[in-house]
Amino acid sequence: MNPKQATNGWAEQKPTALLVLADGTVLEGHGLGATGAEVGEVCFNTAMTGYQEVLTDPSYAGQIITFTFPHIGNVGVNDEDIETVNMAAAHGARGVVLQADITEPSNYRASRHLDAWLKARGIVGLAGIDTRALTARIREKGMPNSVIAHSPDGKFDLGALKKQAREWPGLDGMDLVPSVTTAQRYSWDETPWEWGKGYGREENPEYNVICIDYGIKRNILRLLAANKCKVTVVPATTSAEDILGMKPDGVFLSNGPGDPAATGKYAVPVIQKLIDSGTPTFGICLGHQMLGLAIGAKTLKMHQGHHGANHPVKDKTTGKVEITSMNHGFAVDRDTLPADAEETHVSLFDGSNAGIALKSKPAFSVQYHPEASPGPRDSRYLFERFVGLMKQHKRA
């Protein structure tokens, strides 16, 4: 950065990165990661760890993440903690906003500095602003459309950036699944990471599961494999006939980005046929919203969304409270659920719907991420619940 002499005699740093909000507000900082400009919706994430997993979650496509925890990057990055299946492409967040500078990595698993990793993945970063103030603004006014820009020489066309932020249509009505779904079918057998062992392989699967990829996370696939599932991932536009032709014991509806109503235009008819077939079905996040739309419910845009690894959820079927990982800006409107649907989970932060199950078909879903990564493991029982449905279905 090039210093400039202030009128009071102090040397001030020239900003090399900007966050320009749609209302014209400009936040100045210094740049990190890739250069250039990216437009997206700004959300805040409250997770204290797992920034690499967060930044590579395909559900964050179209979004710029500001972390409320001030120290991000201090354990570096590695080649294992990546959640997008396509490791070569930046299928996660478009930008990142930090409070403190990134320090040198201090962790035995680190293989790279976060700044170099951001450059390699094409993620624009900004540091040096009051992220708590930005978070408070989002809480009050909602998630703003914004442009994050990084120019090492500090030269910006501010008028053009304001215009870009102002004219971006936002996530409401936007289908982002085509940008993150797989282009072709593939198999998966990797199981979760273990201390001293790394990732394993499932060699004796018992259940044939077809995963519809709306932007799936790797740890979901790992936990399915760990529960004796032979996993096949298919593109988001795969027909119900093709899926049923693969003789699945169960179908999984994945997480993903964007407006569920927009994705539902082609996904809902497929899911309705799968439900009608009686095939056990399990959905997470966007998959939860897709299931809701398929049974006739509606979705709505949230004011600030839920993004973090410490969200309390009550399982109404057991009465237990679990701490969960969440990442969504849309929710199923419980008031529109049909009589055949039961609300199984509820957020204890704001009372919004966090899970549903059908009474007449073996189908259920949750709004949060039981696979975590990052986050607690309280909700992994849901994968066992899915296996239980498949076991009953096979017996029948």
_How would region 210-249 be classified by its alpha-carbon gyration tensor: rounded, prolate or oblate, with rounded meaning a/c under 1.5 and the a/b versus b/c comparison settling the rest?_
oblate
*Which lysines have a Cα lying under 20 Å from the Cα of Lys301, excluding residues fewer than 8 positions away in the same chain?*
Lys141, Lys265
*Ranked Thr35, Thr238, criterion: other C-beta atoms within 10 Å, fewest first*: Thr35, Thr238
*Cα centroid distance between region 42-114 and region 323-384, in Å?*
25
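If we count other beta carbons within 10 Å of each Cβ, what is the order of Glu322, Glu202, fewest first? If you can, show how the numbers build up before the last one.
On the way: Glu322 22, Glu202 19.
The most exposed by this proxy come first: Glu202, Glu322.
Which percentage, to the nearest 5, of the DSSP beta bridges contained in the chain is antiparallel?
That works out to approximately 65 percent antiparallel.
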*Most exposed first by the Cβ proxy, i.e. fewest other Cβ within 10 Å, how do Glu190, Glu167 rank?*
Glu167, Glu190
*So what is the relative contact order for region 11-167, in percent, with contacts set as C-alpha pairs under 8 Å and at least six apart?*
37
_Please list, in order along region 384-391, the HN-Hα scalar couplings obtained from phi with the Karplus expression 6.51 cos²θ - 1.76 cosθ + 1.60 (θ = phi - 60°), rounded to whole Hz, x for Gly and Pro._
5, 5, 5, 4, x, 5, 5, 4
_When a/c reaches 1.5 or more, the comparison of a/b and b/c decides; with that in mind, is region 177-395 rounded, prolate or oblate per its Cα gyration tensor?_
rounded
_Let me make sure I get this right: for region 99-254, a, b and c are the square roots of the gyration tensor eigenvalues over alpha carbons, sorted descending. Under 1.5 in a/c it's rounded, otherwise prolate if a/b > b/c, else oblate. Which is it?_
oblate
*Rounded to the nearest 500, what is the 222 nm mean residue ellipticity of the chain from helices alone, with -39500 (n - 2.57) per DSSP H run of 4+ residues and division by all residues?*
-6500 deg cm²/dmol
_Taking amide H atoms as placed 1.01 Å from N in the peptide plane, list the residues 5 or more away in sequence, or in a different chain, whose amide H sits under 5 Å from that of Val96._
Ile65, Val124, Gly125, Leu126
*Over the chain, calculate the relative contact order: mean separation of alpha carbon pairs under 8 Å at least 6 apart, over the residue count, as a percent.*
15
_Euclidean distance of C-alpha centroids, region 177-253 and region 120-157, integer Å_ = 35
*Can you run phi through the Karplus equation (6.51, -1.76, 1.60; θ = phi - 60°) for region 205-218 and list ³J(HN,Hα) in whole Hz, with x for Gly and Pro?*
x, 10, 10, 8, 10, 9, 9, 7, 8, 9, x, 5, 8, 4
*Over region 268-396, what is the mean sequence separation of C-alpha contacts under 8 Å (at least six apart), divided by residue count, expressed as relative contact order in percent?*
28
*Give the range of the longest stretch in the chain that excludes all trypsin sites (Lys or Arg not before Pro) found in loop regions by DSSP and having at most 12 other beta-carbon atoms within 10 Å.*
198-358
_Karplus-derived 3J(HN,Hα), 6.51/-1.76/1.60, for each residue of region 176-192, Hz, glycine and proline x_ = 9, 4, x, 7, 10, 6, 5, 8, 8, 5, 8, 9, 9, 9, 6, 10, x
_Selection from Phe282, His328, Val97, by position along the positive dipole direction of the chain (Cβ)_ = Phe282
*Which cross-chain or sequence-distant (5 or more) residues have an amide H under 5 Å from the amide H of Asn45, H modelled 1.01 Å from N in plane?*
Thr66, Phe67, Thr68
*If we count chymotrypsin sites (Phe, Trp or Tyr not before Pro) as exposed when they sit in a DSSP loop and have at most 12 other beta carbons within 10 Å, what is the longest stretch of the chain that avoids them all?*
196-396
*asked:* Less than 16 Å apart at the alpha-carbon level, and either on another chain or at least 8 residues along: which lysines does that give for Lys14?
replied: Lys4, Lys155
*Which listed pairs, of Lys273/Lys298; Lys316/Lys394; Lys228/Lys394; Lys197/Lys394, have C-alpha distances above 22 Å, in listed order*: Lys316/Lys394; Lys197/Lys394
*Can you list the aspartates and glutamates whose alpha carbon is less than 20 Å from that of Lys361, not counting same-chain residues fewer than 8 positions off?*
Glu241, Asp249, Asp276, Asp315, Asp340, Glu342, Glu343, Glu384
*DSSP bridge orientation in region 63-200 - percent antiparallel, rounded to nearest 5*: 35
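Coordinate-derived values only; no laboratory data. Bear in mind that the values here come from a model prediction, so they are computed numbers and not experimental data. All Cβ positions, even for glycine, are placed from backbone atoms using ideal geometry, and neighbour counts span all protein chains on display.
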